[in-house]
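The values are calculated or read from the model by the stated rules, or taken from the named source; none is laboratory data. From a predicted model like this one, the values you see are computed outputs, not experimental measurements. Quick reminder, even Gly has a Cβ in these numbers, built from the backbone with ideal geometry, and neighbours come from all protein chains shown. Only protein heavy atoms, including side chains, enter the accessible area calculation; ligands, DNA and RNA are left aside. Shrake-Rupley method; radii C 1.70, N 1.55, O 1.52, S 1.80 Å.
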Amino acid sequence: LGLPGNPGSVYVCLNVHLIHVLDRLAGAAQPRPHRRTARLSEPESLGPFREFWMRARTRISDKGEIWIDPLSKQSSHMITNLTECTALACLPEGEGILETGSLVEWIPTWPNSMFTASER
């Protein structure tokens, strides 16, 4: 498995690709990561040429809904937000803006997940 050189990108690839490969090699019936949906807490621009895995935090509202809070410093060379990252939200390829409250797919991150490994 080839990994990029920037630490933020490596973190994303480990959570999105390596966990999947290891689960497949181990014979898992449903390899992780398992995508979930949540609401976006602030507007985010889409990228016209590729999907983007945004580092984020999850929180649960008073109504029991899961919300995605984007973290600052999303550049691939930045690592300061990795200690707070509990989720990677998948922003789809496209043009425009996802508004506050939009549903996005996300995966819990390892090892900072608010879910146990068996729930990922």
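Those residues that are touching a Gly at 6+ places or on another chain (Cβ under 8 Å), open to solvent by 70 Å² or more (accessible area, probe 1.4 Å) and under 16 Å from Asn15 (Cα atoms), I need them from the range 58-107; list them, please.
Ile79
Only one of Pro48, Pro33 is open to solvent by less than 70 Å² (accessible area, probe 1.4 Å) and more than 17 Å from Ile107 (Cβ to Cβ). Can you tell me which?
Result: Pro48 is the single residue among Pro48, Pro33 that is open to solvent by less than 70 Å² (accessible area, probe 1.4 Å) and more than 17 Å from Ile107 (Cβ to Cβ).
Here is a yes/no grid of residues against (1) among the small types (Gly, Ala, Ser); (2) in a strand (DSSP E or B); (3) on the phi > 0 side of the Ramachandran plot:
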position	(1), (2), (3)
Leu22	no, no, no
Ala29	yes, no, no
His34	no, no, no
Ala56	yes, yes, no
Asp62	no, no, no
Ser72	yes, no, no
Ser75	yes, no, no
Leu82	no, no, no
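Would you check if there is a residue in the range 89-97 being in a strand (DSSP E or B), closer than 18 Å to Arg35 by Cβ, touching a residue at least 24 places away in the same chain (Cβ under 8 Å) and among the β-branched types (Val, Ile, Thr)?
No; the residues of the range 89-97 include none that is in a strand (DSSP E or B), closer than 18 Å to Arg35 by Cβ, touching a residue at least 24 places away in the same chain (Cβ under 8 Å) and among the β-branched types (Val, Ile, Thr).
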